[in-house]
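Everything on this sheet refers to the single structure shown next.
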Amino acid sequence: MITLTSAYRKIFLPVVAVAICLFFFSVAASAHMLVTSKNPGTGIAPGTPPPYSLVMFSTSVKNNQVITTWTVSGEEQLKDFVLEGSTDGKTFRTIRLVTARNAGTYTLVNRRRANLCDYYRLKMIDIDGGFSYSPVVTANTEDEADTKENLYQINVEAGWVSQVGTVTITDAKGFVLITRKFEKLSNTEMINISQLAPGSYIVKLIVNENVIEKKLEIPKK
């Protein structure tokens with residue numbers, strides 16, 4: 001058995017006590033870091049998809065007004081929407097800020113061609129400060145929208161003529177960019193695609209539970 005003298009006890013025991021305290025402090029600090037470790041500014045663990053989704057986002061020009069519409073699901077976790085515009089499709093700036101209010105669908109009307117922008121995107125900011133962006137869409141002038149190259153023709157099945165139908169156009173990620181409802185289908189219907197940027201899209205004609213799906217390719221000019 002090892003016997004400590006009085007002098008050694010005065011030196012040895014305080015050192016041991018300090019070492020034990022530092023050990024437990026280190027363990028507690030590590031545990032705290034594990035609990036609070038999240039993506040900075042998002043409140044969402046790395047790799048976790050946001051709890052909301054953008055169902056549709058589109059921008060059109062009518063009577064010298066820019067009309068922007070979007071639909072979001074699961075927006076309880078959203079705080080704000082920011083409509084951004086760009087002249088070159090690369091550098092964007094804020095046009096309007098809209099507070100999320102669980103409306104589902106939102107529409108903005110700018111009295112003139114907002115900041116002379118041709119490209120638009122939607123920034124969605126959640127309650128924890130995280131954010132995501134919509135696909136970029138374009139908006140053309142009324143004169144451009146009326147040209148033949150900006151119209152997409154849909155041939156309707158003979159048995160579907162005069163029925164109610166809906167046409168949707170989605171991008172490669174599944175975002176619905178254009179939705180148009182026809183109360184009475186004709187043999188052929190024309191869809192204005194002037195707002196779509198060059199790329200690949202899926203066009204669907206939906207009548208009751210029947211769906212016709214076609215691929216749409218818009219080349220670069």
| remark: All conditions in (1) open to solvent by less than 20 Å² (accessible area, probe 1.4 Å); (2) at pLDDT 85 or above; (3) closer than 26 Å to Glu183 by Cα are true of Asn150 except (2)
| Could you say which residue among Glu213, Glu142 is at pLDDT 85 or above and more than 26 Å from Leu78 (Cβ to Cβ)? | Glu213
| Taking interchain pairs and intrachain pairs at least six residues apart, which have beta carbon atoms under 9 angstrom, with the first residue in the stretch 185-200 and closer than 19 Å to Ala158 by Cα and open to solvent by less than 50 Å² (accessible area, probe 1.4 Å) and the second in a loop (DSSP other than H, G, I, E, B) and of a type in the set (Gly, Ala, Ser)? | Leu185/Ser162
| request: Can you work out which of the residues in the stretch 201-214 that are free of Cβ contacts under 8 Å to residues at least 40 places away in the same chain and of a type in the set (Val, Ile, Thr) is surrounded by the most Cβ atoms within 10 Å (Cβ to Cβ)? | output: Ile202
| request: Could you give me the residue pairs with C-beta distances under 6 Å whose first residue belongs to the stretch 52-81 and is closer than 12 Å to Ala139 by Cβ, whose second residue is open to solvent by less than 50 Å² (accessible area, probe 1.4 Å) and among the charged types (D, E, K, R) wherever it lies, and which are 6+ apart or on separate chains? | output: Val66/Arg113
| remark: The lone condition Arg112 fails out of (1) at pLDDT 85 or above; (2) more than 28 Å from Leu216 (Cα to Cα) is (1)
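The values are calculated or read from the model by the stated rules, or taken from the named source; none is laboratory data. This is a predicted model, so every value here is computed, not measured. Counting neighbours? That spans all protein chains shown, and the Cβs are built from the backbone with ideal geometry, glycine included. Just so you know, the surface numbers come from the protein's heavy atoms only, side chains and all, with ligands and any DNA or RNA stripped out. Shrake-Rupley method; radii C 1.70, N 1.55, O 1.52, S 1.80 Å.
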